[in-house]
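Here the structure comes first, spelled out in structure tokens, and everything after it is commentary.
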Amino acid sequence: MSFLQDPSFFGMGMWSIGAGAIGVAALALLLANTDMFLAKPEKAALEYLEDIDLKTLEKDAVTFKAKALWEKNGAVIMAVRRPGCFLCREEATDLSSLKPKLDELGVPLYAVVKEHIKNEKKFYGPQRRKMMFMGFVRLGVWQNFFRAWNGGFSGNLDGEGFILGGVFVMGPGKQGILLEHREKEFGDKVNLTSVLEAARKIRPQTSASEKQ
């Protein structure tokens, strides 16, 4: 039992434990930066989206079916993760930069938020996905943080920010979903070129009188 009296034995043991812990932490960090454990989004059907109840933000709120947003002219819709989030504000600004071109196409641009407690948040489904604290160990998220900070964006901590959002380009009537971008991590922005390409595919509905 002389090894119990050897200080180097305990030193080696503590070094081995420390090295093992570092190895486990490194592996966990590596896995957190893959998409292996990210919830896979379930594609939304047109029938699911058009039946969602939405409410305006004015004092005298009006409730209506979501299909009213795109029924005639189609629409580009951002499902905002959290209005106070500076990453969401960055993406909203990017999408707003497309408005002149969308106006030329006659395609409106909307934002849907989920700040009201009684809101069912169905626009963030059918399978509602969350990114919790794993988001803060993902390299991509930190790159997004620095990109937005360098762009001069700021925000606040108000509201729920873990349910992931997305962007939709909707065709009128039954033309359907022309683009569906689901945020995979905080700050995962939609490709603006893809949004415009999808918007150009929109064919506005014409009434019977307009056809004559």
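The values are calculated or read from the model by the stated rules, or taken from the named source; none is laboratory data. In this text the structure is predicted, and so the values were computed from the model without any measurement. A quick note on method: Cβ atoms are made from the backbone with ideal geometry, for glycine too, and the neighbour counts reach across all protein chains shown. Please note that ligands, DNA and RNA were not included when accessible areas were found on the heavy atoms of the full protein model with its side chains. Shrake-Rupley method; radii C 1.70, N 1.55, O 1.52, S 1.80 Å.
Restricting to the stretch 101-129, count the residues that are more than 19 Å from LYS201 (Cβ to Cβ) and either in contact with a Gly (Cβ under 6 Å, 6 or more places away or on another chain) or free of Cβ contacts under 8 Å to residues at least 24 places away in the same chain (or both). Total satisfying the criteria: 3.
With the requirement that a residue be touching a Lys or Arg at 6+ places or on another chain (Cβ under 6 Å) and open to solvent by 60 Å² or more (accessible area, probe 1.4 Å), what does the stretch 42-88 give you?
THR63
In the stretch 40-53, the residues that are within 16 Å of VAL112 (Cα to Cα) and touching a residue at least 60 places away in the same chain (Cβ under 8 Å) form Cβ pairs under 8 Å with partners that are open to solvent by less than 90 Å² (accessible area, probe 1.4 Å) and small (Gly, Ala, Ser), at six or more places apart or across chains, as follows: ALA44/GLY125; TYR48/GLY125; LEU49/ALA66; ILE52/ALA66; ASP53/ALA66.
Considered as a group, the residues in the stretch 168-193 that are closer than 28 Å to PHE133 by Cα and assigned to a strand (DSSP E or B) include one that is least open to solvent (accessible area, probe 1.4 Å), and that residue is PHE168.
I'm trying to understand the selection: among the residues of the stretch 97-147, which are basic (Lys, Arg) and either in contact with a strand residue (DSSP E or B) (Cβ under 9 Å, 6 or more places away or on another chain) or open to solvent by 20 Å² or more (accessible area, probe 1.4 Å) (or both)?
Matches in the stretch 97-147: LYS99, LYS101, LYS114, LYS118, LYS121, LYS122, ARG128, ARG129, LYS130, ARG147.
Do we find a residue being of a type in the set (Phe, Trp, Tyr) and within 26 Å of PHE136 (Cβ to Cβ) anywhere in the stretch 48-55? Looking for residues that are of a type in the set (Phe, Trp, Tyr) and within 26 Å of PHE136 (Cβ to Cβ), one finds none in the stretch 48-55, hence no.
Anything in the stretch 74-96 that is in contact with a strand residue (DSSP E or B) (Cβ under 8 Å, 6 or more places away or on another chain) and polar (S, T, N, Q)? List them, or say none. Residue satisfying the conditions is SER96 alone.
Quick check on the stretch 196-203. Is at least one of its residues under 27 Å from THR63 (Cα atoms) and assigned to a loop (DSSP other than H, G, I, E, B)? Yes, there is a match, as at least one residue in the stretch 196-203 is under 27 Å from THR63 (Cα atoms) and assigned to a loop (DSSP other than H, G, I, E, B).
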